[in-house]
Amino acid sequence: MNSLPSESRIYVAGHRGMVGSAIVRNLKKQGFLHIVTRPHSELDLVDQRAVRDFFSKERIDYVVLAAAKVGGIYANNAYPADFIYINTMIQANVIHEAWRAGVKKLLFLGSSCIYPKFAPQPMKEEYLLTGELEPTNEAYAIAKISGIKMCEAYNRQYGTSFRSVMPTNLFGPGDNYHLENSHVIPAMIRKYHLAKLAAKGDIEGIRQDEKVYGPIPSDIKEAIGLSPDSSRLVSGCSPKVVLWGTGKARREFLHVDDMAAACIFVMGLDQSVFKDVSFFNVGTGTDVTIREVAELVRQVVGFHGQTVFDEQRPDGTPRKLLDTTRINALGWRPTIDLQQGLLDAYDWYLGQTGP
């Protein structure tokens, strides 16, 4: 292990996102004082000239590339061009300009969706590019695979110290709760919370939630008994939560603070560790069904009504469990269990909208 000097200037790209903000929290907790960040309004990472100017003006020692366009099944399936273009441009610009500027180390954040849809479980790093991808998020996965391979190529050609981590499904403070492009856990938290408010007749609470987290789709309004204009609750309606798929698909979930700790851990590793590998899976090593995690979320939120699974909707990949043997062997393991993490995520959610 070659820990990072505390005086290092570390650029965290995507610091306002869930992962990026968690990494900034972790770095500050460890005593790093020179953390460089730029909001999108000041630095558009899709703009090559802007990225080049940034690296030429700033003396950056290390880069954590957490900036990305992300979303759940709906968003990935509906906007594939956005996902492949924006993500490819961000990583190409940052990786290339980091090399030109002589950055000492760069950490690229990928995604477990890089693996084939029917990859053996748990998924080992060597399963990359051994089969067809899940169609609903193929564009995003291809962009992320390109990022991994770009890091490998620069290491091979230029002798850089660029490495990648492949996180499993993440959740926690700072997550995205917009119901048309959120991931599974934040979508569940919001749906159950809205249903709980509806069951209590709390129309003002629903309005406040909609103000903070965005519009409530018509199908969810119907499920919780909210009128189309959000002005009233339908009399006699029993609020319920409708979730996509059969509930049988299995998923692994990692709290974002554990992910942040893993990122700093991998960034601190000596380049000799990467002689035969270029990236590490990061996860818990255990998974649950969507039905099981829904029940945990329901309990944490405190909703006592019905949960319905819409089997006409896609499940996505049948199972996604990462083999974390590589990173575990080097000494890293997660510390936050799923129920504890869900409580933390819901507390943060309530902190934005009020109890």
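The values are calculated or read from the model by the stated rules, or taken from the named source; none is laboratory data. These numbers were taken from a predicted model, which means no experiment stands behind them. Note: ideal-geometry Cβ built from the backbone for every residue, glycine included; neighbour counts use all protein chains shown.
Of these, 214, 159, which one is in contact with a Phe, Trp or Tyr (Cβ under 8 Å, 6 or more places away or on another chain) and surrounded by fewer than 18 Cβ atoms within 10 Å (Cβ to Cβ)? So that I can check it myself, show each step before the final result.
Working: 159 fails: in contact with a Phe, Trp or Tyr (Cβ under 8 Å, 6 or more places away or on another chain).
After applying the criteria, what remains is 214.
Is at least one residue of the stretch 128-143 buried (at least 20 other Cβ atoms within 10 Å of the Cβ) and either on the phi > 0 side of the Ramachandran plot or part of a loop (DSSP other than H, G, I, E, B) (or both)? Show your work before the answer.
Within the stretch 128-143, the subset buried (at least 20 other Cβ atoms within 10 Å of the Cβ) is 133-134, 136-137, 139-141, 143.
In the following step, the residues that additionally are either on the phi > 0 side of the Ramachandran plot or part of a loop (DSSP other than H, G, I, E, B) (or both) were identified as 133-134.
Among the residues of the stretch 128-143, at least one is buried (at least 20 other Cβ atoms within 10 Å of the Cβ) and either on the phi > 0 side of the Ramachandran plot or part of a loop (DSSP other than H, G, I, E, B) (or both), which makes the answer yes.
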**Message:** I'd like the full set of residues that are in contact (Cβ under 8 Å) with a residue 60 or more places away in the chain, acidic (Asp, Glu) and out of contact with any strand residue (DSSP E or B) (no Cβ under 8 Å at 6 or more places or on another chain), limited to the stretch 286-329.
**Reply:** 311
**Asked** Where in the stretch 6-116 are there helices (runs of 4 or more DSSP H), lying fully within it, with 2 or more residues that are more than 23 Å from the chain's Cα centre (by Cα), surrounded by fewer than 18 Cβ atoms within 10 Å (Cβ to Cβ) and free of Cβ contacts under 8 Å to residues at least 40 places away in the same chain?
**Response** 48-57
**Prompt:** Which condition number in (1) within 17 Å of residue 177 (Cβ to Cβ); (2) touching a Leu at 6+ places or on another chain (Cβ under 6 Å) is the one that residue 259 fails?
**Reply:** (1)
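I need a count of the residues in the stretch 324-335 that are part of a loop (DSSP other than H, G, I, E, B) and either at positive phi or surrounded by fewer than 18 Cβ atoms within 10 Å (Cβ to Cβ) (or both). If you could, list the steps in order and put the result at the bottom.
First, pick out the residues of the stretch 324-335 that are part of a loop (DSSP other than H, G, I, E, B): 324, 330-335.
From what is left, the residues that are either at positive phi or surrounded by fewer than 18 Cβ atoms within 10 Å (Cβ to Cβ) (or both) are 330-331, 333, 335.
Total meeting the criteria: 4.
So if I check each of 286, 307, 317, which one is at pLDDT below 95 and either assigned to a strand (DSSP E or B) or over 19 Å from residue 175 (Cβ atoms) (or both)? Lay out the reasoning, then the answer.
Details: 286 fails: at pLDDT below 95; 307 fails: at pLDDT below 95.
One residue alone meets the criteria, 317.
Just to be sure I understand, how many residues within the stretch 165-179 are of a type outside the set (A, V, I, L, M) and in contact with a Ser or Thr (Cβ under 6 Å, 6 or more places away or on another chain)? Walk me through how you get there before you give the answer.
Residues of the stretch 165-179 of a type outside the set (A, V, I, L, M): 167-169, 171-178.
Restricting the remaining residues to those that are in contact with a Ser or Thr (Cβ under 6 Å, 6 or more places away or on another chain) gives 168, 174, 176.
Summing the residues that are of a type outside the set (A, V, I, L, M) and in contact with a Ser or Thr (Cβ under 6 Å, 6 or more places away or on another chain) in the stretch 165-179 gives 3.
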**Request:** Test each condition in (1) closer than 22 Å to residue 341 by Cα; (2) in contact with a Lys or Arg (Cβ under 7 Å, 6 or more places away or on another chain) for residue 262 and report the one that comes out false.
**Result:** (2)
**Fill in**
Residues in the stretch 52-71 that are out of contact with any Phe, Trp or Tyr (no Cβ under 6 Å at 6 or more places or on another chain) and more than 27 Å from residue 138 (Cα to Cα) total 10
**Fill in**
Going through (1) under 23 Å from the mean Cα position of the chain (by Cα); (2) closer than 22 Å to residue 199 by Cβ; (3) surrounded by fewer than 21 Cβ atoms within 10 Å (Cβ to Cβ) one by one, residue 304 fails only at (1)
**Item:** Members of the stretch 86-138 found to be of a type in the set (S, T, N, Q) and either over 21 Å from residue 285 (Cβ atoms) or touching a Pro at 6+ places or on another chain (Cβ under 8 Å) (or both), listed by number
**Value:** 87, 88, 91, 93, 111, 112, 130, 136, 137
**Prompt:** Scanning for something more than 14 Å from residue 294 (Cα to Cα) and more than 27 Å from the chain's Cα centre (by Cα), does the stretch 209-222 turn up at least one residue?
**Reply:** yes
**Complete:** Residues in the stretch 223-248 that are in contact (Cβ under 8 Å) with a residue 60 or more places away in the chain and of a type in the set (Ser, Thr, Tyr) total 2
